[in-house]
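A quick write-up on the structure given underneath.
The values are calculated or read from the model by the stated rules, or taken from the named source; none is laboratory data. Quick caveat: nothing in here was measured; it's all calculated off a predicted structure. Methodologically, a virtual Cβ is constructed for each residue, glycine included, from the backbone with ideal geometry; neighbour enumeration extends over all protein chains shown. Protein only, heavy atoms only, side chains kept; ligands, DNA and RNA dropped before computing areas. Shrake-Rupley method; radii C 1.70, N 1.55, O 1.52, S 1.80 Å.
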Amino acid sequence: MRPVPTGPSRDFSPALIAAIHGIAESRDLETALDAVLSSAVQTLGPTVAAVLVQDPDRPGLQPLASFGFDDAAVSRLADDTADPANPFAEAAVNRTATFDREATMPDGSPFVGAYLPLTVSSGGVELVVGAIGLGWPSPRTLEAPEREILTALASLASVAVDRARLASTAAERSDWFERMAHTDALTGLANERT
């Protein structure tokens with residue numbers, strides 16, 4: 001991992017470029033979210049980070065990308081979001097970003113986290129599709145430019161989730177039209193075209 005530059009002259013464009021390319025070139029949602037999370041990690045230097053997404057077929061938030069967590073911790077992330085006080089759940093439910101939230105790691109060490117909702121808008125309706133969170137050892141305060149890049153990366157993650165859902169919907173509809181083309185409308189049985 002490259003060193004994280006500091007100061008007001010930080011150039012965040014490489015992080016955005018990498019995340020955009022990662023989303024555009026990915027074949028699945030997990031790869032796209034890994035690209036966004038990787039850009040966030042390389043740019044902002046957190047020790048832990050995760051993207052959790054609302055699955056329309058399951059309740060709660062499901063982790064799809066993570067950094068700095070072992071497998072057991074990733075499993076706990078999904079379980080922990082059932083608690084409304086969980087910062088990922090709060091970001092998703094309240095649709096608000098929280099920066100510099102102080103907490104304690106399971107080992108007792110203090111850390112500071114930032115949690116943002118993943119939202120998409122269509123036709124004037126805003127829909128939350130998940131949340132992204134990053135954590136650093138305490139003390140740590142995110143500067144305004146860091147908050148802006150994190151907000152932009154959260155927006156890119158939202159686009160990736162929305163893109164994956166649209167692709168899934170298109171595939172399901174295509175399958176449905178294919179089945180309907182080979183089914184008799186009156187009887188519901190296969191027709192002679194099958």
- Item | Output for region 122-159, where each listed residue is among the β-branched types (Val, Ile, Thr), surrounded by fewer than 17 Cβ atoms within 10 Å (Cβ to Cβ) and in a strand (DSSP E or B) | 125
- Task: Could you identify the single residue in 77, 33, 16 that is in contact with a helix residue (DSSP H, G or I) (Cβ under 7 Å, 6 or more places away or on another chain), buried (at least 18 other Cβ atoms within 10 Å of the Cβ), of a type outside the set (Ser, Thr, Tyr) and in contact (Cβ under 8 Å) with a residue 24 or more places away in the chain?
- Result: 33
- Message: I'm told residue 28 meets every condition in (1) in contact (Cβ under 8 Å) with a residue 24 or more places away in the chain; (2) within 28 Å of residue 11 (Cβ to Cβ) except one. Can you identify the failing condition by its number?
- Response: (2)
- Item | Of residues in region 122-141 being touching a Phe, Trp or Tyr at 6+ places or on another chain (Cβ under 9 Å) and in contact (Cβ under 8 Å) with a residue 60 or more places away in the chain, the one farthest from residue 33 (Cα to Cα) | 137
- Note on the structure: Scanning region 102-121 residue by residue, those closer than 21 Å to residue 54 by Cβ, open to solvent by 40 Å² or more (accessible area, probe 1.4 Å) and in contact (Cβ under 8 Å) with a residue 12 or more places away in the chain turn out to be 119
- Task: Among residues belonging to region 33-72 that are among the charged types (D, E, K, R) and not in a loop (DSSP other than H, G, I, E, B), point out the one that is farthest from residue 86 (Cα to Cα).
- Result: 34
